[in-house]
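A short write-up of the structure that comes next.
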Amino acid sequence: MNRLLRAFFGPVCLLALCLCCLAAGPAAAQATGHVNKEEIYDPGHLKPTDSTLKVHVGEPAPDFTLPSIMGGTVSLSQFRGRKIVVISFVPAAFTPVCSAQWPAYNLGREEIEKRGAVIIGISSDNVPSLFAWTREMGGVWFPVGSDFHPQGATAAKYGVLRSNGTADRAEIIVDKKGIIRSIEVYDINARPKLEKLLERLDAIK
């Protein structure tokens, strides 16, 4: 079915169509791996950003090694020379925006990989919570690291740690040489647009 859609609409339209499904209700949510609404905690409207960046475009990205939901650990440096890395900091598991953002990466996997990139998802939740949450999504194709202990240490290293110990919503693109090429810190209340991420990846040569 996806091949037919791609052939007819093209990859950009397909992504737009898939992203629309995320908001189309319980049936569509189940089909896309979206977390069930009954299992979501809504914290209400939050301060859009609550951190001060410590990294800049053109600088080497600080390395990190975090416990992974896939077992073992995940490090930024393990992709050095092989992949462009999109570090996706999210505030918390089982919250509304985060539970739409990472399923969008699942839908956009082919387009992301086509650009030689991989996602590393990071949250300050512990491993069991992240494991359960991603299972509710139907799984994720990318590694997810727990920034739980010391609480938010990796987010703090990048300057995206909020005052409550969670991360701001951010996407940081690191090239194959380990250099930061793009930094976006978003309003925590809004889901980043996948097509904008693809545009930033396209800009990296």
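The values are calculated or read from the model by the stated rules, or taken from the named source; none is laboratory data. This is a predicted model, so every value here is computed, not measured. In this analysis, Cβ positions are derived from the backbone assuming ideal geometry, glycine residues included, and neighbour counts consider all displayed protein chains. Accessible surface is based on the protein model in full, side chains and every heavy atom, while ligands, DNA and RNA are left aside. Shrake-Rupley method; radii C 1.70, N 1.55, O 1.52, S 1.80 Å.
Of note:
- Residue satisfying all of: in segment 168-183; outside any loop (DSSP other than H, G, I, E, B) and not small (Gly, Ala, Ser); surrounded by the fewest Cβ atoms within 10 Å (Cβ to Cβ) among these: 179
- Candidate set from segment 184-196 (those that are out of contact with any Gly (no Cβ under 8 Å at 6 or more places or on another chain) and not in a loop (DSSP other than H, G, I, E, B)); member that is surrounded by the most Cβ atoms within 10 Å (Cβ to Cβ): 185
- Scan of segment 55-83 for residues that are among the β-branched types (Val, Ile, Thr), surrounded by fewer than 19 Cβ atoms within 10 Å (Cβ to Cβ) and in contact with a helix residue (DSSP H, G or I) (Cβ under 7 Å, 6 or more places away or on another chain), ordered by number: 55
- All conditions in (1) open to solvent by less than 10 Å² (accessible area, probe 1.4 Å); (2) within 24 Å of residue 56 (Cβ to Cβ) hold for residue 130, with the sole exception of (2).
- Exclusive hit being aromatic (Phe, Trp, Tyr), more than 13 Å from the chain's Cα centre (by Cα) and at pLDDT 95 or above, set 148, 142: 148
- Scan of segment 133-152 for residues that are in contact (Cβ under 8 Å) with a residue 60 or more places away in the chain, over 13 Å from residue 88 (Cα atoms) and open to solvent by 10 Å² or more (accessible area, probe 1.4 Å), ordered by number: 136, 138, 139, 148
- Test for residue 117: is it in contact (Cβ under 8 Å) with a residue 60 or more places away in the chain and within 13 Å of the chain's Cα centre (by Cα): yes
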